[in-house]
Amino acid sequence: MARKQLKIVRLLEPELCLECRFAQTADVEAETGTHQRMIYCRRLDCDNWDIVNAEPARSMEVDDYGLDSAA
């Protein structure tokens, strides 16, 4: 199985993700070692991503629930 390359991307319209069934929250570790809560999208063909300035991520731990449960 191919290894996933985790990337941190900017969302063009973050509020659209709040009701998306493909979105979850995750604890993401950046290449610098900093941790941050972010939105994790399971939809690989999403057009709400700005991938031009994508940054690599070291690791990610996805919550077991969706965004609506996290609030």
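The values are calculated or read from the model by the stated rules, or taken from the named source; none is laboratory data. Since the structure is predicted, the reported quantities are computational estimates derived from the model, not experimental observations. With ideal geometry, Cβ positions are generated from the backbone for all residues, glycine too; neighbour counts draw on all protein chains shown.
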Checklist outcome for this item: In segment 22-62, anything basic (K, R) and either surrounded by 12 or more Cβ atoms within 10 Å (Cβ to Cβ) or not in a strand (DSSP E or B) (or both) is listed as R42, R43, R58
Checklist outcome for this item: Subset of segment 9-21, residues over 11 Å from the mean Cα position of the chain (by Cα) and either of a type in the set (A, V, I, L, M, F, W, C) or assigned to a loop (DSSP other than H, G, I, E, B) (or both), comes to L12, E13, L16, L18, E19, C20, R21
Next on the checklist: So T25 ticks every box in (1) free of Cβ contacts under 8 Å to residues at least 40 places away in the same chain; (2) under 12 Å from the mean Cα position of the chain (by Cα) but one. Which box is left unticked?
Outcome noted: (1)
Item to check | Residue check for V28: over 22 Å from D64 (Cβ atoms) and among the β-branched types (V, I, T) | outcome: no
Checklist entry - What residue, of L67, L16, is modelled with pLDDT under 90 and surrounded by 11 or more Cβ atoms within 10 Å (Cβ to Cβ)? => result L67
Item to check | Near pairs, Cβ below 6 angstrom, 6+ apart or cross-chain, from segment 39-65 (without any contact (Cβ under 8 Å) to a residue 40 or more places away in the chain) to any residue that is hydroxyl-bearing (S, T, Y) | outcome: V62/Y40; D63/T25
